[in-house]
Amino acid sequence: MALSLEVLLRKLVQADVDFVIVGGYAAVFHGSTMVTQDLHICCDFSTANLTRLGEALRDLQPVHRMTPQRIPLEVTPTFCRGLRNLYLSTSCGQIDCLSEVKGLGDFSEVSAVSQPAKLPWGTCRVLSLEALIKAKRAMGRPRDQEAVLQLESIRERVNEDDV
């Protein structure tokens with residue numbers, strides 16, 4: 001895991017943000033050798049949780065990367081209302097915050113198919129291997145299909161080890 005993205009994770013865990021690691025980092029957690037340059041999380045989009053997320057990232061200069069003006073992140077109750085996704089650039093890398101994951105559902109459904117991930121600075125949640133395969137299949141992009149092949153191979157090895 002790249003050091004700068006580790007900083008993002010540490011800040012989220014220490015701020016008690018309610019989230020699940022999804023995407024490339026979840027694949028790496030399960031043993032994938034694929035490289036990722038950003039962090040994808042599915043999180044609770046309540047005002048309280050988004051406020052904790054904003055506070056966690058404050059000193060990393062978070063900006064909305066999908067806007068040409070690169071507007072700084074400012075979490076307010078009005079801002080949070082109706083928000084579904086949040087795509088940010090920070091001084092430590094990009095973070096995509098999703099309210100749902102294709103093939104799995106909303107945050108509560110994603111959380112239900114996640115598992116604890118112990119990190120040096122605390123514990124967070126990561127998609128289970130089965131859930132990650134299901135989500136990657138649902139995405140259908142070529143890179144996701146490549147990930148599915150690798151994740152299925154990992155699953156086979158894990159199952160062989162269990163026998």
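Each row is one residue, and each column tells you yes or no for (1) closer than 29 Å to GLN61 by Cα; (2) in contact with a strand residue (DSSP E or B) (Cβ under 8 Å, 6 or more places away or on another chain).
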| residue | (1), (2) |
| --- | --- |
| GLN94 | yes, yes |
| GLY103 | no, no |
| LYS118 | yes, no |
| CYS124 | yes, yes |
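How many residues does the stretch 106-123 hold that are charged (D, E, K, R), within 20 Å of ARG84 (Cβ to Cβ) and loosely packed, with under 13 Cβ neighbours inside 10 Å?
First, pick out the residues of the stretch 106-123 that are charged (D, E, K, R): 106, 109, 118.
This time we only want the ones that are within 20 Å of ARG84 (Cβ to Cβ), so: 106, 109.
If we keep only those that are loosely packed, with under 13 Cβ neighbours inside 10 Å too, we end up with none.
Residues meeting the conditions: 0.
Conditions first: (1) of a type outside the set (Ser, Thr, Tyr); (2) touching a Phe, Trp or Tyr at 6+ places or on another chain (Cβ under 9 Å); (3) buried (at least 20 other Cβ atoms within 10 Å of the Cβ). ASP38 passes all but one, so which condition is the exception?
Condition (3) is where ASP38 drops out.
Please go through the stretch 45-64 and give me each residue that is in contact with a Ser or Thr (Cβ under 9 Å, 6 or more places away or on another chain), surrounded by fewer than 20 Cβ atoms within 10 Å (Cβ to Cβ) and not polar (S, T, N, Q), ordered by number.
ASP59, LEU60, VAL63, HIS64
Residues of the stretch 1-43 being at pLDDT 90 or above and farther than 16 Å from VAL126 by Cβ, which ones?
Answer for the stretch 1-43, where residues must be at pLDDT 90 or above and farther than 16 Å from VAL126 by Cβ: VAL7, LYS11, GLN14, ALA15, ASP16.
Can you tell me which residues in the stretch 50-105 are touching a residue at least 12 places away in the same chain (Cβ under 8 Å), assigned to a strand (DSSP E or B) and over 20 Å from GLY24 (Cβ atoms)?
Correct list: VAL63, HIS64.
It is to be established whether one or more residues within the stretch 124-139 are more than 14 Å from the chain's Cα centre (by Cα), surrounded by 12 or more Cβ atoms within 10 Å (Cβ to Cβ) and either basic (Lys, Arg) or within 18 Å of VAL13 (Cβ to Cβ) (or both).
yes
Can you work out which of the residues in the stretch 25-49 that are in contact (Cβ under 8 Å) with a residue 40 or more places away in the chain and part of a helix (DSSP H, G or I) is farthest from LEU86 (Cα to Cα)? Before you say what the answer is, go through the steps one by one.
Start the filter on the stretch 25-49 by keeping residues that are in contact (Cβ under 8 Å) with a residue 40 or more places away in the chain, which leaves 25-27, 29-34, 37-45.
Narrowing further to those that are part of a helix (DSSP H, G or I): 25-27, 29.
Working: TYR25: 18, ALA26: 19, ALA27: 21, PHE29: 23 Å.
Checking each candidate, the answer is PHE29.
The values are calculated or read from the model by the stated rules, or taken from the named source; none is laboratory data. Keep in mind that what you see is a predicted model, and the values were worked out from it rather than measured. Note: ideal-geometry Cβ built from the backbone for every residue, glycine included; neighbour counts use all protein chains shown.
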